[in-house]
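Reviewing the structure listed below.
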Amino acid sequence: MSSQPLDLDRIEALSISIQPTALLTRTEAAQLLGVKPQTLAVWASTGRYELPLVKCGRTVRYRQSDLQAWMDARTVTHTGQLAE
C-alpha cells in the first residue's frame, strides 16, 4: 500500500463544491436558506411550504437543485409582489 501526501487544496475544493443532485442534510439546507434546522423540520411536518425533501426512515435530505428551484420561485422584485 503506497502512501501519497494529502492534497489539502483538492480536499477543500471537493468539500466546498456541491453538485445540484447532491443531498444535503437538514443543517446544510438550513444554512443555504438562512433559517434554522428546526424551521425546516416545522415546515416539513406542517407542509407550510412545498419544499421537496427525500426521506428514508428518520433521515431527511434535501436536493440542492430543489432548494434552488424553491428559492427561484420565491424571488420577487419588490415586497408588495406575491410569490407564487
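The values are calculated or read from the model by the stated rules, or taken from the named source; none is laboratory data. Keep in mind it's a predicted model, so treat the numbers as computed, not measured. With ideal geometry, Cβ positions are generated from the backbone for all residues, glycine too; neighbour counts draw on all protein chains shown.
For the reader, a short list of remarks on this structure follows.
- When Ile18 is tested against (1) farther than 15 Å from Met71 by Cα; (2) under 16 Å from the mean Cα position of the chain (by Cα); (3) at pLDDT below 95; (4) loosely packed, with under 11 Cβ neighbours inside 10 Å, just one condition goes unmet, and that condition is (4).
- Selection count, segment 71-82, where residues are more than 15 Å from the chain's Cα centre (by Cα) and surrounded by fewer than 10 Cβ atoms within 10 Å (Cβ to Cβ): 7
- Residues that are surrounded by fewer than 13 Cβ atoms within 10 Å (Cβ to Cβ) and in a helix (DSSP H, G or I), drawn from segment 43-70: Ser45, Thr46, Gln68
- Contact map, segment 21-43: first residue within 14 Å of Thr59 (Cα to Cα), second residue exposed (fewer than 13 other Cβ atoms within 10 Å of the Cβ), Cβ cut-off under 7 Å, separation 6 or more or different chains; pairs are Leu23/Val54; Pro37/Thr27.
- Single condition Val35 does not satisfy, out of (1) in a loop (DSSP other than H, G, I, E, B); (2) at pLDDT 85 or above; (3) touching a Ser or Thr at 6+ places or on another chain (Cβ under 8 Å); (4) among the aliphatic types (A, V, I, L, M): (3)
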